[in-house]
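The values are calculated or read from the model by the stated rules, or taken from the named source; none is laboratory data. Please read these numbers as outputs of a predicted model, since none were measured by experiment. We place every Cβ from the backbone using ideal geometry, glycine too, and count neighbours over all the protein chains shown. Quick note on the areas: whole protein, heavy atoms, side chains included, nothing else; ligands and nucleic acids left out. Shrake-Rupley method; radii C 1.70, N 1.55, O 1.52, S 1.80 Å.
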Amino acid sequence: MPVSIRDILLYKQQGRLITALTAWDALWADMLDQAGVDLILVGDSLAMVALGHHTTLPLTLEEMIHHAKAVRRSVKNALLVCDLPFMSYQESPQQALRAAGRCLKEAEVEAVKVEGGYATMVATVATLVDAGIPVLGHVGLTPQSVHIQGLRQQGQSPENQDRLHQEALALEQAGAFGLVLEHIPDTLAQSISQSLSIPTIGIGAGAHCDGQILVTADVLGLGQRLPPFAKAYADLRSLSSQALAQFCQEVRNGQFPAPRSSPP
Ligand code: KIV
């Protein structure tokens, strides 16, 4: 049975930790789905991972829908969520409704993720949920605000910790089915997780969240730089480089293809 929003909520009640990873194309999405990941996010980090941008900001809604459609073709079991790209939803709840509606109708994702927990975003989440669109919230380090926050850990002062906690509660109240907590102190993530009935999914937020998400390129060791809170479970960058160099070498020195003894 495919993972549903209900399952994700149930996992928290059962104390079953949620696994989540990002995907940007059909090939990797298939492998993630086969591995049994609970939630697959077509994250806007694909702007950097797959499109070569330096931040997530240039990604357009058209590009997100294009990648989400590819991922959708492979994902049969995991809950599929896509990010709303920068400036496709911040203007007004109505703008968010149009963008999220397109993601559900055209890419057939099951939910969208939006960044921030300030008052307008809380109203936006409530509007989306009222329209039947499930929303995953995202607070702490929010990469779409990189030019204000940088990439620093958030929630270091007591005032900021209190604000993030209030934002998390407000997003739950607005109807979000879960919350990504990015790059905040472990103790803050723990107290937010304990006070919410919806699951928290941490990235750089310690071991006390209700699940963990990472960028798949980091998990596979495909990227050039690993964020301090990520873990590479393989070194596919070295392995791929070796394989590619060997192909070039074998073609150039006539080793590949091997001579055929008979016509095909
Ligand atoms: O786009 C992304 O990769 C994210 C992270 C939280 C995984 O939003």
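Okay, here's what the table says:
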read-out: Subset of segment 136-151 [more than 16 Å from the ligand (Cβ to nearest atom) and either of a type outside the set (Val, Ile, Thr) or not in a helix (DSSP H, G or I) (or both)]; value: HIS147, GLY150
read-out: Residue among VAL146, VAL139, VAL122 that alone is touching a strand residue (DSSP E or B) at 6+ places or on another chain (Cβ under 7 Å) and at negative phi; value: VAL139
read-out: Members of segment 61-114 that are hydrophobic (A, V, I, L, M, F, W, C) and in a strand (DSSP E or B); value: LEU79, LEU80, VAL81, CYS82, ALA111, VAL112
read-out: Residue list for segment 64-84, filter: within 14 Å of the ligand (Cβ to nearest atom) and either modelled with pLDDT under 95 or among the β-branched types (Val, Ile, Thr) (or both); value: VAL71, VAL81
read-out: Residue pairs meeting the criteria (Cβ under 7 Å; at least 6 apart or on separate chains; first hydroxyl-bearing (Ser, Thr, Tyr), in segment 196-213; second within 15 Å of the ligand (Cβ to nearest atom) and outside any strand (DSSP E or B)); value: THR200/ALA189; THR200/CYS209; THR200/ASP210
read-out: Residue tally, condition open to solvent by 60 Å² or more (accessible area, probe 1.4 Å) and more than 20 Å from ALA207 (Cα to Cα), over segment 137-159; value: 5
read-out: Top-ranked residue of segment 1-53 - restricted to ones that are in contact with a strand residue (DSSP E or B) (Cβ under 8 Å, 6 or more places away or on another chain) and of a type in the set (Asp, Glu), ranked as nearest to the ligand (Cβ to nearest atom); value: ASP44
read-out: Subset of segment 75-93 (residues that are touching a helix residue (DSSP H, G or I) at 6+ places or on another chain (Cβ under 7 Å) and open to solvent by less than 20 Å² (accessible area, probe 1.4 Å)); value: VAL75, ALA78, LEU79, LEU80, CYS82, ASP83, LEU84, PRO85, SER88, TYR89
read-out: Any hit, segment 62-73, residues being within 23 Å of ASP218 (Cβ to Cβ), open to solvent by less than 10 Å² (accessible area, probe 1.4 Å) and touching a Cys at 6+ places or on another chain (Cβ under 7 Å); value: yes
read-out: Positions within segment 117-133 being within 19 Å of the chain's Cα centre (by Cα) and either surrounded by fewer than 22 Cβ atoms within 10 Å (Cβ to Cβ) or aromatic (Phe, Trp, Tyr) (or both), in sequence order; value: ILE133
read-out: Of the criteria (1) surrounded by fewer than 18 Cβ atoms within 10 Å (Cβ to Cβ); (2) farther than 21 Å from TRP28 by Cβ, which one ALA234 fails; value: (2)
read-out: Residues of segment 176-227 satisfying the condition of being assigned to a strand (DSSP E or B) and either within 10 Å of the ligand (Cβ to nearest atom) or open to solvent by 10 Å² or more (accessible area, probe 1.4 Å) (or both); value: VAL180, LEU181, GLU182, ILE201, GLY202, ILE203, GLN212, ILE213, LEU214
